[in-house]
Amino acid sequence: MSPVRICSRTACKQSAVYTLTYVYADSTAVLGPLAAYVEPHCYDLCAEHAERLTAPVGWELVRLPAEESEPTSDDLEALANAVREAAKPATPREEPVGQGIEVGRRGHLRVLRSDTPLRSDTPRKP
């Protein structure tokens, strides 16, 4: 039998029934059913503290329904798709293409000059 988890709020000794997670990248707080395992950056809350919970200013609070039943295959597929999407590497930014000619060096820094000189009638960018 697993030990009963208590509310993360200071001085609260009630049993935890919800887990609160912050998604900093999206400025979102997610309150859902009690997680199967204790996670280091999640907070377990009792029913009273979960009901009174508010999100920080400028953040969105998402309350997931407490599920009494087993997850369906659609739920599991949606979860797998979300994990796959999160694991995709970010698309790299395009780097400028062209060759430069090294005209100087100081330590690990190099001074490069474009191999195609600017025409005199081409305005320079500030």
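Quick notes
- Region 9-19, residues that are part of a loop (DSSP other than H, G, I, E, B) and within 28 Å of A86 (Cα to Cα): V17
- Scanning region 26-60 for residues that are under 18 Å from I6 (Cβ atoms), without any contact (Cβ under 8 Å) to a residue 12 or more places away in the chain and hydroxyl-bearing (S, T, Y) turns up just one, Y37.
- Residue in region 20-51 that is surrounded by the fewest Cβ atoms within 10 Å (Cβ to Cβ), counting only those that are within 21 Å of A86 (Cβ to Cβ) and among the small types (G, A, S): A25
Read-outs throughout are calculated quantities, based only on the coordinates presented, and are distinct from any laboratory measurement. Keep in mind it's a predicted model, so treat the numbers as computed, not measured. Because the Cβ atoms are built from the backbone with ideal geometry, glycine has one as well, and the counts that use them run over all protein chains shown.
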